[in-house]
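These notes concern the structure reproduced below.
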């Protein structure tokens, strides 16, 4: 029987304290994991920085200590930005094995490759390292996740195709033709080099689960029981060269919905693709800041600004208007600003924009958020 195409992304887990990403609700996560595995799914995706370094440990507590090794597959990733020497590769990799509670990784990526991290990995021998670990039986399938333009992806695969098997890409129907993300071009490059694709951000950080009313009604008319998120998952999974679609699930209801959709997966038909095309145009007119809440921007922010959270409430205001959403969004802004830096505290150092996979003009958009909520 073919493997099911849904993977459990462990970067948006339930939290005991919504302001503390390290406060993972382990008991809630256990229930999510149990339902996921009960329905025949096996693929888990974690990484060194997720949840402030606690995601791998949460995987160990909820999966590897509770299930036999043959019951699951796990992906982890080398944090390229934390690597300065070849010794760091070995040290971090061994730490990850211990944190995850496994003897080997089914899949292992060089994480978030872009021009800068590519140069680092080539300098310290990152590609040779994952090939060596594969030869040692510590990695079954080596690859990389990617956050840059199509030309950079072309260069990586031209130079290193013999060292990797799989590429993890950001693909969703909103980004398919986006000139910044270049999802279609990157997907086609992987096809040309014969590399299978794992999809991240199929629901674009949750934004495609909360679509404008016009889109939701259009989808509901066609499939009354299908959630907007299910349309996004099926879109990504319908691409023939995609082997797995990740969903960063945060609660049991999301696990229930996603696994119900993907348990007996059916690709989109022509009518559904036409609906998706119409939906894309409508949604693009309503999203002010295309943030996926990956939080790469906040690591190392000197002013401790809650960038993704501020963008989320700003998008809500822009999409639904002040009259409908001001009370809720202003309260949330107030709560955030008690423990985190306000948008106007930005010192424009630019580190956030350097690390943003979406290539968002974060500094300029923080100024817009400040104008709405601080004035």
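Descriptive notes on the structure:
- In this calculation the C-beta distance from residue 363 to residue 318 is compared with R0 = 30 Å, giving a FRET efficiency of 0.95.
- Linear extension gain, residue 154 paired with residue 330, 0.36 nm per residue minus alpha-carbon span: 58.9 nm
- The calculated 222 nm mean residue ellipticity attributable to helices in the chain amounts to -14000 deg cm²/dmol, summing -39500 (n - 2.57) over DSSP H runs of n ≥ 4 and dividing by all residues.
- Once both labels are positioned 7 Å from their Cα atoms along Cα-to-Cβ, the gap between residue 82 and residue 135 label points is 2.7 nm.
- Full-stretch length increase - residue 23, residue 339 - with 0.36 nm per residue and alpha-carbon distance subtracted: 112.2 nm
- Here the range 37-55 is scanned for amide nitrogen atoms under 19 Å from the site 7 Å beyond the Cα of residue 260 along Cα-to-Cβ, giving 37-41.
- Sites residue 278 and residue 119 - FRET efficiency at Förster radius 56 Å, r taken between beta-carbons, to 0.05: 0.85
- Taking the average, over residues, of other Cβ atoms within 10 Å as the packing measure, peptides 330-337, 29-36 rank 29-36, 330-337 from highest down.
- Spatially, the range 180-208 and the range 89-107 are offset by 26 Å when compared through their Cα centroids.
- Between the C-alpha center of the range 299-375 and that of the range 276-293 there is a gap of 19 Å.
- Residue exposure sequence - 186, 356 - by fewest surrounding Cβ within 10 Å: 356, 186
- The packing ranking, built from the mean of other Cβ atoms within 10 Å per residue, places the peptides 112-121, 287-296, 43-52 in the order 43-52, 287-296, 112-121, highest first.
- Computed over the range 307-373, Cα set: Rg, Dmax in Å: 12.1, 35
- Taking the DSSP bridge list for the range 6-284 and keeping only pairs wholly inside it, about 5 percent are antiparallel.
- Here the label points at residue 3 and residue 191, each 7 Å from Cα along the C-beta direction, are separated by 2.2 nm in the simple model.
- Likely footprinting exposure, 81, 109, fewest C-beta neighbours within 10 Å first: 81, 109
- Virtual spin-label span in nm between residue 30 and residue 184, 7 Å along Cα→Cβ: 4.8
- Per residue, the average separation of C-alpha pairs within less than 8 Å and at least 6 apart gives the chain a relative contact order of 14 percent.
Coordinate-derived values only; no laboratory data. From a predicted model like this one, the values you see are computed outputs, not experimental measurements. Here the Cβ is made from the backbone with ideal geometry for all residues, glycine too, and neighbour counts use every protein chain on show.
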